[in-house]
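Some notes on the structure that comes next.
Just so it is clear, none of the values below were taken in a lab; they were calculated from the coordinates. In this text, all values refer to a predicted model and were calculated from it rather than measured experimentally. FYI the Cβ positions are ideal-geometry reconstructions off the backbone, even for glycines, and counts take in every protein chain you see.
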Amino acid sequence: MFFHVILTTECNLQCRYCFGESFEDFDEDFTDFDVDYALPRKTSYDLELLTKFCSEDPECVLTFYGGEPLVCIDEIKQIMDSAKPRHFMMQTNGLLLDKLEPKYVNQFHTILVSLDGDKELTDYYRGGGTFRKVLDNVNLIVENGFRGELIARMTVMEQTDIYEQVTWLADNNEHSFSSVHWQLNAGFWANDCARRNFKSWSEDSYISGVKRLARFWVDHMEKKREVLRLYPLLGIANSLLLGEKKSLLRCGGGWINYSIQTDGYIIPCPAMWGMKNYYLGHVSNAHPLKLKKTFVETPCSECDVLNICGGRCLYANITKRWSSEAYATVCNTVRGLIKAVESELPHIKRLISAGKISLNDFEFMKYNGCEIIP
Ligand code: SF4
Ligand code: SF4
C-alpha cells in the first residue's frame, strides 16, 4: 500500500492555481459534504503510531506530502529515523530541499519536484524566483549523491503550451529531466470554470500539443534508444503494450494509495482532507491492508474508455465541482491523450521488435504520485 503522509497544511508558496483559486472559491457552497475545516496545521498524532502502522504492511510506501512537507523537516527526520517502509518518497515544491541533509535526501526512492516548465512559466504560476531556487536545489541534491528518481511535476492550465514545456523540461541546459509528469488544473474548484478558457485552450492547444508530444517521444526512442518517462504517455503505453484489460483509478486513490491527515485520520486521497464521510479509520487503530476501498461512480462507471482511463480522479468524481458539460471537456483531453498514444503504438512495437528499445523500458513504479491521467 502507498500512503501520502500529510505533514502540514501550510505552504511556503502562493501559486496561482492553488492559493489564488482557494480565495476565489472561498464562499462556494460545499454543503453536500461534512467537512472538517479545522485540521491541525501540523501532525498532531504521535509519529510512533505511523511507524507501527507502516510496519503492518511489508510493502508499505510512505510519501511525504503537504502543504509543503519540507516545512516539517524535524518530523521528516523523526519518521525516517524510526519507520521502515519499503520506500520513502516525497512531493515537494523544492524550495527547501537544500535544508535536508544528504543522508536523508539520498534515502528517497523518488522525489517529485513541482516545476511547470521553463523559468518564465514556472515563475508566472509560482512566483518570481521560484524557478532559480528549485533548479539550484535540484542540482545540489544530485551533486550530493541523490540517485533516486527525480520527477518534474507540472501543473498545467491555459498559459501552458504542453509540447514546448514538456520538451523543455526533458532537454535544457539547467537540468534535463528524464521523468516528467503533468496534471491538469481542472475539476478541483467550483468557481473557476466560468471565468477560464479551459475548453478553447484544451481544444486549440492542449490536445494537439499532446499529439505532437507523443510523436516527439517516439522519435526520441528511435534516435536515442531511450524511453523518456513522460508519465501520462508511459502509463497508457505500458497498459496497451501489456494488453491490460482494465485499469482501476491510476493514481491509486481510494484503493491502493491512501492519505493520512495531520490529525491521523486516513482518507482515500490527499485532496479529500476533512471530508468526514470518507474517513477510513485512524492511524492508531486501522490496519493498512484492511482499509475500505472506494471506486469512481457515474459518469466514469458508464464511460466507454473507463478501462483505459481508470476514472481520472476520485475527488472530482465524488465532488463534481465542475458541471457535467464542463467536465466533458476534461474527458475530451483524456480521449485525446489515449488516441495520441494509440496512434504511436505500431511504431513503438516496431522499435521493440527491432531491439532499439525494450518492453522493460516501459516499466515504472505505479502509484508513485504520478496520476498518469492528467
Ligand atoms: S474519460 Fe472521463 S468519464 Fe471517462 S472514465 Fe475518464 S474521467 Fe471518467
Ligand atoms: S487524481 Fe484525484 S483522486 Fe487521485 S490523488 Fe489526485 S486528487 Fe486524489
Note to self: Within the range 288-297, does at least one residue satisfy the condition of being assigned to a helix (DSSP H, G or I), farther than 29 Å from P58 by Cβ and within 16 Å of ligand 1 (Cβ to nearest atom)?
What the structure shows: no
Margin query: Among the residues of the range 341-374, what is the count of those that are closer than 27 Å to L150 by Cα, among the polar types (S, T, N, Q) and surrounded by fewer than 21 Cβ atoms within 10 Å (Cβ to Cβ)?
Written below: 2
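If I filter the range 171-181 for residues that are closer than 30 Å to W273 by Cα, touching a Lys or Arg at 6+ places or on another chain (Cβ under 6 Å) and touching a residue at least 40 places away in the same chain (Cβ under 8 Å), do I get at least one hit? Before you say what the answer is, go through the steps one by one.
So the first thing to find is which residues in the range 171-181 are closer than 30 Å to W273 by Cα, and the list is 179-181.
Of the ones still in play, those that are also touching a Lys or Arg at 6+ places or on another chain (Cβ under 6 Å) are 179, 181.
Now restrict to residues that are touching a residue at least 40 places away in the same chain (Cβ under 8 Å): 179, 181.
Checked the range 171-181: at least one residue is closer than 30 Å to W273 by Cα, touching a Lys or Arg at 6+ places or on another chain (Cβ under 6 Å) and touching a residue at least 40 places away in the same chain (Cβ under 8 Å).
For K224, state whether it is over 27 Å from T160 (Cα atoms) and not aliphatic (A, V, I, L, M). Show your work before the answer.
Details: over 27 Å from T160 (Cα atoms): no; not aliphatic (A, V, I, L, M): yes.
So K224 does not fit the description; no.
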Note to self: On the basis of being within 30 Å of K366 (Cβ to Cβ) and either among the small types (G, A, S) or surrounded by fewer than 16 Cβ atoms within 10 Å (Cβ to Cβ) (or both), does A190 make the cut?
What the structure shows: no
Notebook entry, point to check: Which residue, of L228, L242, L233, L280, is more than 21 Å from the chain's Cα centre (by Cα), away from ligand 2 (no atom under 16 Å from the Cβ) and either touching a residue at least 12 places away in the same chain (Cβ under 8 Å) or surrounded by fewer than 20 Cβ atoms within 10 Å (Cβ to Cβ) (or both)?
Noted result: L242
Check: Out of the range 298-335, which residues are under 19 Å from V156 (Cα atoms), of a type in the set (D, E, K, R) and away from ligand 2 (no atom under 12 Å from the Cβ)?
Finding: R335
Check: Going through the range 298-321 one residue at a time, which ones are assigned to a loop (DSSP other than H, G, I, E, B) and within 12 Å of ligand 1 (Cβ to nearest atom)?
Finding: T298, P299, C303, D304, V305, G310, G311, R312, C313, K320
Notebook entry, point to check: Does at least one position in the range 83-94 carry a residue that is free of Cβ contacts under 8 Å to residues at least 40 places away in the same chain and in a helix (DSSP H, G or I)?
Noted result: no
Next item on the list: Among the numbered conditions (1) surrounded by 15 or more Cβ atoms within 10 Å (Cβ to Cβ); (2) more than 26 Å from A237 (Cα to Cα); (3) more than 16 Å from ligand 2 (Cβ to nearest atom), tell me where I338 comes up short.
Entry: (2)
Checklist line | Filtered residue count, the range 143-182, keeping only those that are touching a His at 6+ places or on another chain (Cβ under 9 Å) and among the polar types (S, T, N, Q) | finding: 0
Checklist line | Residue tally, condition over 25 Å from G311 (Cβ atoms), part of a loop (DSSP other than H, G, I, E, B) and hydrophobic (A, V, I, L, M, F, W, C), over the range 342-374 | finding: 2
Next item on the list: Go through the range 299-331 and give me each residue that's surrounded by fewer than 21 Cβ atoms within 10 Å (Cβ to Cβ) and charged (D, E, K, R).
Entry: E302, D304, K320, R321, E325
Next item on the list: Name every residue in the range 145-164 that is closer than 18 Å to F88 by Cα and surrounded by 15 or more Cβ atoms within 10 Å (Cβ to Cβ), in order of residue number.
Entry: F146, G148, E149, L150, I151, A152, R153
